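Asks: There's a structure below that I have some questions on.
The numbers here are math on the coordinates, done by the rules we state, and not lab data. What you see is a predicted model, and the numbers here were worked out from it, not measured in a lab. Virtual Cβ from ideal backbone geometry, glycine too; neighbours counted across all protein chains shown.
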Ligand SMILES: [Fe+2]
């Protein structure tokens, strides 16, 4: 499939080479790409993620917490390839805990990733294999290198949607179980209107 994008012209492509380009809106992180993949996560799918289960039960399970879009210029699992995508996390809280992504570590654990914030305010929560947790503040322009072997999740601490772009190896895969089983070792909660990073026992 060739997607016509108005920013460029294809020149000199051999006939057996598929054009592999897309268009990013660098202000919003929106992406125009061939065969764009999308997914969304609703509150009902994030039962174990938030610590205040009572508040979670009172909320509409159809509430969209975040959505993801990404481009796979090579098939998933290709060694040496890269994927590009973006995420939008809605503002909101479950109890005192901000809306966030489920979080994962890469299935091939040594695979790293870049996150770059385009819109909003947030925190990137990270946990290494020894259990140490820390967070990096996200704001428009912030660029975050997530090393291999480090589990990661993003929290929207602002009152508008948080958007970031990402680039990761096409064979990285996702291990969600490790976050379900061990958590991230920290939570970001609203205290007196401020986002506070708190270590936990989970
Ligand atoms: Fe990742």
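Asks: Which residues among the stretch 62-98 fall inside the zone where the amide N is under 18 Å from a point 7 Å beyond the Cα of residue 30, along Cα→Cβ?
Replies: 67-71, 85-90, by backbone N distance to the label point.
Asks: Let's test the formula: R0 of 30 Å, r as the Cβ-Cβ distance of residue 190 and residue 108. What FRET efficiency results, to the nearest 0.05? Show your work: numbers first, answer last.
Replies: Details: r = 35 Å, r/R0 = 1.17.
In this case the efficiency is close to 0.30.
Asks: For the ranges 81-93, 175-187, what's the packing order if you count other beta-carbon atoms within 10 Å of each residue, average per peptide, and put the highest first?
Replies: 81-93, 175-187
Asks: If each Cα of the stretch 81-131 is one equal point scatterer, what is log10 of I(q)/I(0) from the Debye formula at q = 0.31 Å⁻¹?
Replies: Here log10 of I(q) over I(0) equals -1.46.
Asks: Using Cα-Cα distances under 8 Å and only pairs 6 or more residues apart, what relative contact order does the chain have, in percent?
Replies: Here the relative contact order equals 21 percent.
Asks: Here is a further query. With a 10 Å Cβ neighbour count serving as the proxy for reagent exposure, in which order, fewest first, do 101, 63, 200, 157 appear? Walk me through the intermediate numbers first.
Replies: Values: 101 23, 63 14, 200 11, 157 27.
By the 10 Å Cβ count, ascending: 200, 63, 101, 157.
Asks: Highest GNM mean-square fluctuation, the chain, Cα pairs closer than 10 Å: which of 152, 102, 51?
Replies: Greatest mean-square fluctuation among the candidates belongs to 51.
Asks: Here is a further query. Just subtract the alpha-carbon distance of residue 197 and residue 130 from 0.36 nm times their residue separation and send over the number in nm, one decimal.
Replies: Numbers: separation 67, 0.36 × 67 = 24.12 nm, distance 1.88 nm.
Length difference between fully extended and current span is 22.2 nm.
Asks: If R0 is 35 Å, what FRET efficiency do you get for residue 143 and residue 57 from their C-beta distance, rounded to 0.05?
Replies: Computed FRET efficiency for residue 143 and residue 57: 0.40.
Asks: With each run of n ≥ 4 DSSP H residues scored as -39500 (n - 2.57), what mean residue ellipticity at 222 nm is computed for the chain after dividing by its residue count and rounding to the nearest 500 deg cm²/dmol? Walk me through the numbers on the way to the answer.
Replies: Values: 2 runs with 12 residues, N = 202.
About -1500 deg cm²/dmol.
Asks: How large is log10 I(q)/I(0) at q = 0.09, 0.12, 0.13, 0.14 Å⁻¹ when the Debye formula is applied to the Cα atoms of the chain, each weighted equally and without solvent?
Replies: -0.36, -0.62, -0.72, -0.83
Asks: Could I ask something else about it? Using a 10 Å cut-off around each Cβ, can you sort 143, 46 from fewest to most neighbouring Cβ atoms?
Replies: If I rank by nearby Cβ atoms, fewest first, I get 143, 46.
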